[in-house]
Every structure is written in C-alpha cells, then in structure tokens.
Amino acid sequence: SPISSLKREMRNLSEECSLEPVTVSMAYVYFEKLVLQGKLNKQNRKLCAGACVLLAAKISSDLRKHEVKHLIDKLEERFRFNRKDLIGFEFTVLVALELALYLPENQVLPHYRRLTQQS
C-alpha cells in the first residue's frame, strides 16, 4: 500500500541520514496519527511523511544546522517535493498533531522494537 511504502522510504532515508531508530519510530507515530485523523490524501502524503521525519528529527535528536539542512536536502530528493513546501507543511502537521511531539513510551516502543529487530 502507499502508506507502507512511504514508511519504508521514511526508514531508508532516516538510515541514510544516520537518524536513530527512536527518531524513525516517532516519525511513524506522527504519520499514523495523521492517517487516523484522515489528514492524508494523494497530494499531501509525501509532504506529510517528510514533515513527520523532520519534526521527529528536530525533537529527538541534537541536530546541528548543517545536519538539518542535509536532512531537508535528502527529504526533497527522496520524496520529490520543494523544500519551501516542506517547511510550510511542517507547521500544518504540527497543528494537526496539536503540538504533541513528545510521545508516551507505549506509542513509540512497538515501532522501535520492530525497527531494531529488522536491523
């Protein structure tokens, strides 16, 4: 399904950018929350996935400015969207998630376990 393939892309991109499995797990939770809210459509699903990875990386990692830029470059390349659209959409996703970027462990742990067992 398109959702599964996007999550696979999110994982692959995160590995390329050396993001921790917990960061990918958080991005998955954000993304699934958007799916459950019915916020995704064909036009915005790649932007949603990209914004979720970017938000998770910002909240869970101690990224330097050049690392954030590298991540945005990779997101732009992988998902084929414009960085300006991504940056604008990041706020839209943040609002849809009701600014709740810190997640309870029980939401992140199942994804984390799956990711670390696959590695």
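The values are calculated or read from the model by the stated rules, or taken from the named source; none is laboratory data. Bear in mind the structure is a predicted one, so any value in this text is a computation, not a measurement. Here the Cβ is made from the backbone with ideal geometry for all residues, glycine too, and neighbour counts use every protein chain on show. All accessible areas refer to the heavy atoms of the entire protein, side chains included, with ligands and DNA or RNA removed. Shrake-Rupley method; radii C 1.70, N 1.55, O 1.52, S 1.80 Å.
Here is a yes/no grid of residues against (1) of a type in the set (Phe, Trp, Tyr); (2) more than 15 Å from LYS7 (Cα to Cα); (3) touching a Phe, Trp or Tyr at 6+ places or on another chain (Cβ under 9 Å); (4) not in a helix (DSSP H, G or I):
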position	(1), (2), (3), (4)
VAL24	no, no, yes, no
ALA27	no, no, no, no
LYS39	no, yes, no, yes
ALA49	no, no, yes, no
LEU54	no, no, no, no
LYS69	no, yes, no, no
ARG78	no, no, no, no
ILE87	no, yes, no, no
ASN106	no, yes, no, no
Item to complete: Can you run down the residue pairs with Cβ atoms below 6 Å, 6 or more apart or on separate chains, where the first is in the stretch 54-71 and in contact (Cβ under 8 Å) with a residue 12 or more places away in the chain and within 19 Å of LEU94 (Cα to Cα) and the partner is assigned to a helix (DSSP H, G or I) and of a type outside the set (A, V, I, L, M, F, W, C)?
Response: LEU54/GLU90; ALA56/THR23; ALA57/THR23; SER60/THR23; SER61/THR23
Worksheet item: In the stretch 35-80, which residue that is of a type in the set (Val, Ile, Thr) and over 18 Å from ARG8 (Cβ atoms) is most open to solvent (accessible area, probe 1.4 Å)?
Response: ILE59
Worksheet entry | Hits in the stretch 81-119 (condition: under 13 Å from CYS48 (Cα atoms) and open to solvent by less than 30 Å² (accessible area, probe 1.4 Å)) | PHE81, LEU86, GLU90, VAL93, ALA96, LEU97
